[in-house]
Amino acid sequence: MKTNEFDAAALAARRQRLARALGEGVAVVPTAPERLRNRDTHYPYRFDSHFWYLTAFPEPDAVLVIVAGKAPRSILFCREKNAEREIWDGFRFGPQAASERFGFDEAHPIAALDDVMTKLLSDQPALCYPVGADAAWDARAMKWLNAVREKARAGVVAPARVIDVHALVDEMRLLKDASEIATMRRAAEISAAGHRRAMQTARPGMSEHEIEAELLYEFRRRGAQFPAYGPIVAGGASACVLHYVFNDATLQAGELLLIDAGCELDGYASDVTRTFPVSGRFSGAQREVYQLVLAAQQAAMAKVRPGNAWNEPHDAAVRVLAQGMLDLKLLHGSLEEVLEKEAYKRFYMHRTSHWLGLDVHDAGDYKRAGQWRSLVPGMTLTVEPGLYIRAAEDVPAALRDIGVRIEDDVVVAEGACEVLTAQAPKLPDDIEALMRDAR
């Protein structure tokens, strides 16, 4: 959410939920630091997702503190106003304006954090912070605890428990509210537009990086702030490399082009993969493999229903793909043997889904107490089966170096899931028609 569009009441409600989850104690949620790219040049700033979820505060050098209990309160520590630095780096809210604008109960300069924390932790039962996420914060938290322990002879009690705040917020982030889904829906629309542009632009002889530029242009033109991750633009055999990053080869006639790319809008990610023929028409073998992956995705999506277990979409996709591998003579034996021995992993080696939200691989456990968790309305995930047929002597010649992945973003809803990325064509005839019309 943009700082001029956020819902302060909704953010306050999230902070109150965290206070209730903690019960008693003090929770500390820092944002991400700025990172140097080279010498005195920084990477574009990107806030910590947990911090953003609870605050929508966009600046670095900021920490949220929530004091739980009967009368919970939220406190922001942030940079002070500084006219000289604002000339160089741009606007800063400062504590007073931040407190008023973002609905915090209090706000203080970030330099006061250590002194204030020592007071806040006195006689509290628990300290809740991102345990183990950063060595510097671990050391800082221990410094606070030791400072409180030094007051023991004065009757002050230090927290006896240390809790990972990320675990509490992860569970909150797993279910998206209406405003989050609306943002993700718009991010998906922008990403779909980028994929349509790539299909319309691609020609033999172009470079993969030219197609990447078209994607990024469309993302930014439509208002997305960043790509959600480095785009994968993989022609020919490179489509069989799951995390191909070079994007520098020349597109060849007759090859497929696999593009895995999504934008980030107001903090929320989209994650889309489409595979299409560089020349505008699928060959017979390419279409056969593509239809198999599409059928696997359709089988998986049919299992994205409330009450179904997390693993059911993956199992459905694997079963379709495994039978297809047998039909294509990539594997031999019975379907049950292929599934039991996991022989299908030679050509399909990753899971079918992951959570999606503020992070591309978003927060939330996949199992609880050793059991796959059940799908619930408001969960958002990807559905992304693939087939990666690297050239080998025992692979039929027509199938060698064909890589296909089809990935959509979906929301669990009552009945059929909502496909957020439906505007990116994926039926073979639709892809060919779009590419033909563009030429």
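The values are calculated or read from the model by the stated rules, or taken from the named source; none is laboratory data. If you're wondering where the values come from, they're calculated on a predicted model, not measured in any experiment. Quick reminder, even Gly has a Cβ in these numbers, built from the backbone with ideal geometry, and neighbours come from all protein chains shown. Side chains are part of the model used for accessible areas, which takes the heavy atoms of the whole protein and leaves out ligands, DNA and RNA. Shrake-Rupley method; radii C 1.70, N 1.55, O 1.52, S 1.80 Å.
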### Relative contact order computed over the stretch 138-226 (Cα-Cα under 8 Å; 6+ residues apart), in percent
19
### Query
Relative to the Cα centre, what is the charge dipole magnitude of the stretch 42-83, using +1 at the beta carbon of each Lys and Arg, -1 at the beta carbon of each Asp and Glu, and rounding to the nearest 20 debye?
180
### Task
Starting with the highest mean, order 186-196, 345-355 by the number of other Cβ atoms within 10 Å, averaged over the residues of each peptide.
186-196, 345-355
### Message
Beyond 30 Å, how much of the Cα-Cα pair distribution for the chain remains, as a whole percent?
### Response
51
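In square angstrom, what is the accessible area per residue of the stretch 181-318 with a 1.4 angstrom probe?
34
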### Query
How high is the relative contact order of the chain, in percent, with contacts defined as C-alpha pairs under 8 Å that are six or more residues apart?
13
### Message
Suppose we look only past 23 Å in the calculated P(r) of the stretch 138-250. What percent of the Cα-Cα pairs does that tail hold?
### Response
57
### Query
Which aspartates and glutamates have a Cα less than 19 Å from the Cα of residue 329, not counting those fewer than 8 places away in the same chain?
288, 337, 340, 342, 393, 394, 401
### Task
Please give the peptides 128-137, 223-232, 88-97 ranked by average Cβ packing (other Cβ atoms within 10 Å per residue), highest first, as a rough proxy for protection.
223-232, 128-137, 88-97
### Query
GluC sites (Glu not before Pro) within the stretch 1-96: which are DSSP loop residues with at most 10 other Cβ atoms inside 10 Å?
5
### Task
Run the numbers on the stretch 1-159 and let me know its relative contact order in percent, using alpha-carbon pairs under 8 Å that are six or more apart.
22
### Query
Using the heavy atoms of the protein chains alone and a 1.4 angstrom probe, what is the accessible area of the stretch 53-149 per residue in square angstrom?
47
### Summary
Normalised Cα Rg of the stretch 112-152, dividing by 2.2 N^0.38 Å with N its residue count, works out at 1.11
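So what is the calculated 222 nm ellipticity per residue for the chain, using -39500 (n - 2.57) for each DSSP H run with n of 4 or more, over all residues, to the nearest 500 deg cm²/dmol?
Theoretical 222 nm ellipticity from helices: -11500 deg cm²/dmol.
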### Task
Compute the normalised compactness of the stretch 55-110: alpha-carbon radius of gyration over 2.2 N^0.38 Å, N being the residue count.
1.18
### Task
Can you tell me the order of 271-283, 209-221 when each peptide is scored by its average per-residue count of other Cβ atoms within 10 angstrom, highest first?
271-283, 209-221
#### Entry: Nearest-20 debye value, the chain charge dipole, Cβ charges on Lys, Arg, Asp, Glu
580
### Carbon/sulfur fraction of accessible area - the chain, other protein chains in place, 1.4 Å, %
50
